[in-house]
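> What follows is a single structure, and I will ask about it in a moment.
The values are calculated or read from the model by the stated rules, or taken from the named source; none is laboratory data. The shown structure was predicted, so the numbers you read here are calculated from the model rather than taken from an experiment. For neighbour counting, all protein chains shown are included, and Cβ atoms are generated from backbone atoms with ideal geometry for every residue, glycine included.
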């Protein structure tokens with residue numbers, strides 16, 4: 001019973017709940033500099049090159065995969081800036 005109260009779940013006898021806390025991770029802004037192409041089994045992912053604007057990798061240009069509508073000049077908030085997407089190959093773009 002004490003374990004349930006520590007996790008913030010409601011007490012079945014009284015119906016009271018503990019206050020929930022919201023935690024955010026640190027995100028760094030990056031601006032889209034180039035749209036490289038489409039990838040994914042149905043072309044739903046767009047590969048871009050973006051320039052990181054803050055953090056330890058500031059001014060670094062990396063390749064990322066993005067889902068959803070994106071265009072040059074958009075700002076992304078990246079939770080991690082160390083991992084880079086694999087480059088698209090001709091076969092990966094559906095060009096034979």
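> What pairs can you find where one residue is in the range 61-80 and farther than 15 Å from residue 45 by Cα, the other is assigned to a loop (DSSP other than H, G, I, E, B), and their Cβ atoms are less than 7 Å apart, with a gap of 6+ or different chains?
Pairs found: 62/81; 62/84; 77/27; 78/27; 79/25; 79/27.
> Looking at the range 79-96, which of the residues that are surrounded by 11 or more Cβ atoms within 10 Å (Cβ to Cβ) and outside any loop (DSSP other than H, G, I, E, B) is modelled with the highest pLDDT?
Top of the filtered list is 93.
> Within the range 41-52, can you find the residues that are surrounded by fewer than 15 Cβ atoms within 10 Å (Cβ to Cβ) and either in contact with a strand residue (DSSP E or B) (Cβ under 8 Å, 6 or more places away or on another chain) or at pLDDT 95 or above (or both)?
44
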